[in-house]
Every structure is written in C-alpha cells, then in structure tokens.
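Engineer: Right, I'll just put the structure down here and ask away after.
The values are calculated or read from the model by the stated rules, or taken from the named source; none is laboratory data. Treat the numbers as computed from the prediction; the structure is a model and nothing was measured. Because the Cβ atoms are built from the backbone with ideal geometry, glycine has one as well, and the counts that use them run over all protein chains shown. Accessible surface is based on the protein model in full, side chains and every heavy atom, while ligands, DNA and RNA are left aside. Shrake-Rupley method; radii C 1.70, N 1.55, O 1.52, S 1.80 Å.
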Amino acid sequence: MRFLVRAEDLIKRWNAQPLAKQFLLIGGLVAATAMAVVGAFVTSLIEDAVTRNSAATTALYVDSVIAPLLPDMQKTQVLDDTVARALDETLGQGALGDRLSSFRLWRADGTVLYSSEKNMVGRQFALGPELTTAFAGQMVAQFIPFGEADDATKRQAGDPLLKIYNPVLQPWSGEVVAVSEFHEIANEFHHSLNRARLHTWLAVAGFTLAFFTALSAIVMRGSRTIEKQRHALSERINELSALLAQNETLRGRLQQASQRATALNETILRRIGADLHDGPAQLVAFASLRMDSNALISPSTPQEARERAVAAIKASLDEAMHEIRTICNGLVLPQIESASLREILERCVRAHEQRTGSAVDLSMTDPPRHLSPSAKICIYRFVQEALNNAYRHGGGVGQRVRQSMDGDKVSIEVADGGPGFDPNDVQPTSLGLAGLKGRVESLGGTFEINGDAPGTIVRMSLGIEEIGQT
C-alpha cells in the first residue's frame, strides 16, 4: 500500500513538471539508448565489412604467392621437401615474412599438410567451424584485437591478429582441395579499425545530438507557448472568478437594497400620510370648525368679530397651503437630468439655505461632467436628506458639503458641527438613513456614517463606470 502511495506521488510530481523538462529527460534517455544501439549495430557492420575486405585482399595476395608453389593437391596428399623448403623461403622473408605470424595448409580430413611450426606437420585435428566453412568454399576472417592462445601450439600472441581461412581451389575445376590458414599481424589494421569505430561513433553521436537538439528546440518553443497560454488562461480564470464573486456580492446587495426599498416606499407613504394628517389636515379642520362656529352664523355677531374669524380661517388655510407646498417641494425633483454635478449640488445647497435660513459651505474638486440620471437622483436625494438631518438634529451648525474624486469614484460628504450620535442606536427602520443607504447601495456604491462628537459625517461613494458614465 505504501509503495502504491509513493508511486502515485511520483506520478503526480512527474505530471506537474513542464512538458519541456519531461521531453528532455525521456527524450534524452531514448536518444542515448537509440544512439548506443544504432552505433553498436553500424560499428559491427563496418567492422565485418572492413575485416572481410582486408582479409580478402590479404588472401588474394597470399594465394597469388603460394599457389604457384603447390603441386596438384587433388593427386598429392602430402608435400615433399622441395615444396616445403620453397614455402619456408617464401613465407620467411620479404613482405610475407613481416606480415604473417603463422601459416598452415589443411587437408579436408583435418591433417596439417604444411605449417610454419614444424611440429604441427602431419598432425590431424577435428575440423572447427571456420575450417568447415572454408572447405565449403567461403573465406572466413576473424580479427583478434590482442591475440589469443593457439589451442594447437599452445602459443600466446601479443599483437592483434587477423585470422584468415582461405579455400585453395583447383584451377580448372574450381573444387576446394585444401584450406590455407594464416595469421596476419594486424597493427595497422587495428589502428584503421579503431579510427573507423571512432568516426562511426562520432557520426552517430553528432547526428543524434543534432536531431535531439532540433526536436528540443521545437518542443521548448511549443512548451513556452503552452506555458504562456496556460498562465494567461489561469489569470483569465482568476479574473472571471473574481468578477463572478463580485457580481454575486453585488446581486446580494441589490436584492437587499430592493427589499429595503420596498419597505421604505411603504414607510414613506405612511410618513406622507402622517405629515398631511398632522399638518394641513389639522389646519383645514380648524378652519372648518371656525366656519361652523356661532360667531359667523349668528346675526348678532359684531362685524369686527366676524372679520377676525374670517382672518383666522384664512390664516389657517394659508398655513395649510404652505405646508402642502413644502411637502410637494420635498417630493418633486428639480430639472436635474440635463444638469451637471456642480449644478445639482449648487441647487440642492441653495434650496436648503432658502428653506432653513442656515449657511452651507460647498466645495468641489474636479466633478465629472457626465453622470447617469439614476446617479444624479441618488446624489441629490443624499445631499438633501443629509442636510435636513444636519439641520434637524445638529441645529444647522457647521454644515458643509464636499465633493472629491478617488480614482474612478466620485465621493460626496455631508457634515455638521452638531452633538453627533451613536450609529448603533439608529433603528433599522429609520427612514432617513435607511433610505440613503438603500439608494447608494442599489447603484453599487458604498455608504458610511460617523457620528462621533463633535459633529456627524455622512459619506457616499459611487464608481463612475458602475453608475453608467456616458
């Protein structure tokens, strides 16, 4: 079980590696193995070809020198002393004497007809595979790099040898009548063969390295492209995940704001009803009672008293009309769709000053020129309600409105110098603050309130892009 867990861990770590690294490791191992196999195979072919060609050349040369000295081997089963001395003189001097380490002439029954080692002449041995192949008409060549022990003579050679078994053919019939075995001292051949091996291995290694380098370059470039695309895709996924989370948060806030707006609409209607009932309705009712009083109905009422009653009724009705207009002014928005933010703030502040007779300090910093109608309405209502609260609860002391920009967000701050209050004491059903917060958050903005004495600060912030800048 532990072995399986470790194997799975290794597989995961391997799969986590870049594709280029995986290719370099696996491809390098495969390339090295292929190079070794191909190099060994090609080297073996070259060694066999070089050995056979060199052996064939030497055999042809030896045969051209030795063949004229031999009698008719089909009729003669042994060599006389004259032939033996001729062979000794030929093989012991000149080019053959320097190149041949030993020479034997074999008969088909395994008898040594002639040998450079005199104690071998006339002895009979079992035919080995090389002699058998030679008597079948094929030349056999073997290269011994550092010599080997001779089973027949028990002699150890130190130089590299090229052992050649060459069939001796009858000139007119082409039949194999004997086999000549000679060992050539192959120092030069050994050096040439080593050079051929070296060149072969260098060629195979160079080709393999060039092929692997070209493939590695292609794979590395492809791996870099894949890594870039993977990184870009990962960043895109992270961005989309962040946007989805942000949209989910905004959707939740929008649902809450919508729910609060529904509740606030009902509360606003109740407040309007209460304002009409407690204000204009009472004044109209008072006027109606005065009109039904005996002072106006009785003929005995003096003219002066009647005039005073009529004046009181008119004053009550005028006051009721004034309150109705005041309520309407608070409900109806001025023409702000075509106005800029600067004009909106100036109108709201001026209207508050005229209504309350208090002073408001207004400051603006690079206000945006274009806002959506919903953003304009939200800002207007925010400033209007915040100034009303500042006048009602803070006595209109130190009223100020500040507009500023924070990157792509516009911030509005309304403050006063009143006694302040604890925001935690405000009930969730409070119409003014709840309405402000609902308006702002419904547009994706933020709402903050700080009631630490002295004074109260109410702040809102809206993103230009979120509120539909045009």
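Engineer: I'd like the residue in the range 349-366 that is surrounded by fewer than 17 Cβ atoms within 10 Å (Cβ to Cβ) and under 58 Å from the mean Cα position of the chain (by Cα) and, out of all such residues, is farthest from GLY444 (Cα to Cα).
Structural biologist: Looking at residues that are surrounded by fewer than 17 Cβ atoms within 10 Å (Cβ to Cβ) and under 58 Å from the mean Cα position of the chain (by Cα), I get ASP361.
Engineer: In the range 195-222, how many are over 44 Å from the mean Cα position of the chain (by Cα) and open to solvent by less than 60 Å² (accessible area, probe 1.4 Å)?
Structural biologist: Selection size over the range 195-222: 1.
Engineer: Given (1) out of contact with any helix residue (DSSP H, G or I) (no Cβ under 7 Å at 6 or more places or on another chain); (2) over 17 Å from TYR165 (Cβ atoms); (3) modelled with pLDDT under 75; (4) not hydroxyl-bearing (Ser, Thr, Tyr), identify the lone condition not met by ARG99.
Structural biologist: Result: ARG99 fails condition (2) only.
Yes/no per residue for (1) under 24 Å from LYS437 (Cβ atoms); (2) not hydrophobic (A, V, I, L, M, F, W, C):
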residue	(1), (2)
LEU317	no, no
GLU343	no, yes
ARG347	yes, yes
LEU371	yes, no
GLN403	yes, yes
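Engineer: Taking the conditions exactly as written (at pLDDT below 80 and either surrounded by 10 or more Cβ atoms within 10 Å (Cβ to Cβ) or not in a helix (DSSP H, G or I) (or both)), does LEU243 satisfy them or not?
Structural biologist: The answer is no for LEU243.
Engineer: While we're on this one: Which numbered condition in (1) under 49 Å from the mean Cα position of the chain (by Cα); (2) of a type in the set (Ser, Thr, Tyr); (3) assigned to a strand (DSSP E or B) is the only one that THR225 fails?
Structural biologist: All conditions are met except number (3).
Engineer: What residue, of ARG325, ARG260, ARG270, ARG253, is closer than 29 Å to ALA386 by Cβ and at pLDDT 75 or above? Talk me through it step by step, then tell me what you get.
Structural biologist: Numbers: ARG325 fails: at pLDDT 75 or above; ARG260 fails: at pLDDT 75 or above; ARG270 fails: at pLDDT 75 or above.
Result of the check over ARG325, ARG260, ARG270, ARG253: ARG253.
Engineer: Continuing with this model, one more query. Out of GLU181, GLU188, I need the residue that is among the acidic types (Asp, Glu) and modelled with pLDDT of 80 or more. Which one? Can you show your working first?
Structural biologist: Working: GLU188 fails: modelled with pLDDT of 80 or more.
Just one listed residue meets the conditions, GLU181.
Engineer: Considering only residues that are more than 23 Å from ARG392 (Cβ to Cβ) and hydroxyl-bearing (Ser, Thr, Tyr), look in the range 333-362 and name the one that is modelled with the highest pLDDT. Walk me through how you get there before you give the answer.
Structural biologist: Of all residues in the range 333-362, those more than 23 Å from ARG392 (Cβ to Cβ) come to 335-343.
Imposing the further condition that a residue be hydroxyl-bearing (Ser, Thr, Tyr) reduces the set to 338, 340.
On the way: SER338: 81, SER340: 88.
Among those that are more than 23 Å from ARG392 (Cβ to Cβ) and hydroxyl-bearing (Ser, Thr, Tyr), it is SER340.
Engineer: Of all residues in the range 132-158, count the ones that are at pLDDT 75 or above and touching a helix residue (DSSP H, G or I) at 6+ places or on another chain (Cβ under 9 Å). Before the answer, list the steps.
Structural biologist: Our first condition is that a residue be at pLDDT 75 or above; within the range 132-158, this holds for 132-145.
Filter again for touching a helix residue (DSSP H, G or I) at 6+ places or on another chain (Cβ under 9 Å), leaving 139-143, 145.
Residues in the range 132-158 being at pLDDT 75 or above and touching a helix residue (DSSP H, G or I) at 6+ places or on another chain (Cβ under 9 Å): 6 in total.
Engineer: I've got another one for you. Tell me, which residue of the range 368-412 that is β-branched (Val, Ile, Thr) and open to solvent by 20 Å² or more (accessible area, probe 1.4 Å) is farthest from the chain's Cα centre (by Cα)?
Structural biologist: Among those that are β-branched (Val, Ile, Thr) and open to solvent by 20 Å² or more (accessible area, probe 1.4 Å), it is VAL397.
Engineer: What are the residues in the range 67-89 that are part of a helix (DSSP H, G or I) and either closer than 17 Å to VAL121 by Cα or at pLDDT 70 or above (or both), if any? Steps first, answer last, please.
Structural biologist: Of the range 67-89, the ones part of a helix (DSSP H, G or I) are 67-69, 81-89.
Passing the criteria: ASP81, THR82, VAL83, ALA84, ARG85, ALA86, LEU87, ASP88, GLU89.
Engineer: Need pairs with beta-carbon distance below 9 Å; first residue of a type in the set (Phe, Trp, Tyr) and within the range 386-409, second surrounded by fewer than 16 Cβ atoms within 10 Å (Cβ to Cβ) and part of a helix (DSSP H, G or I); sequence gap 6+ or separate chains.
Structural biologist: Hits for this filter: TYR391/ARG355.
Engineer: Limited to the range 445-460, what total is found for residues that are assigned to a strand (DSSP E or B) and either under 50 Å from the mean Cα position of the chain (by Cα) or free of Cβ contacts under 8 Å to residues at least 24 places away in the same chain (or both)?
Structural biologist: 9
Engineer: Residues to consider are GLU441, GLU466; find the one that is closer than 24 Å to ASN247 by Cα, modelled with pLDDT under 85 and surrounded by fewer than 17 Cβ atoms within 10 Å (Cβ to Cβ).
Structural biologist: Details: GLU441 fails: surrounded by fewer than 17 Cβ atoms within 10 Å (Cβ to Cβ).
Of the residues listed, the single one that is closer than 24 Å to ASN247 by Cα, modelled with pLDDT under 85 and surrounded by fewer than 17 Cβ atoms within 10 Å (Cβ to Cβ) is GLU466.
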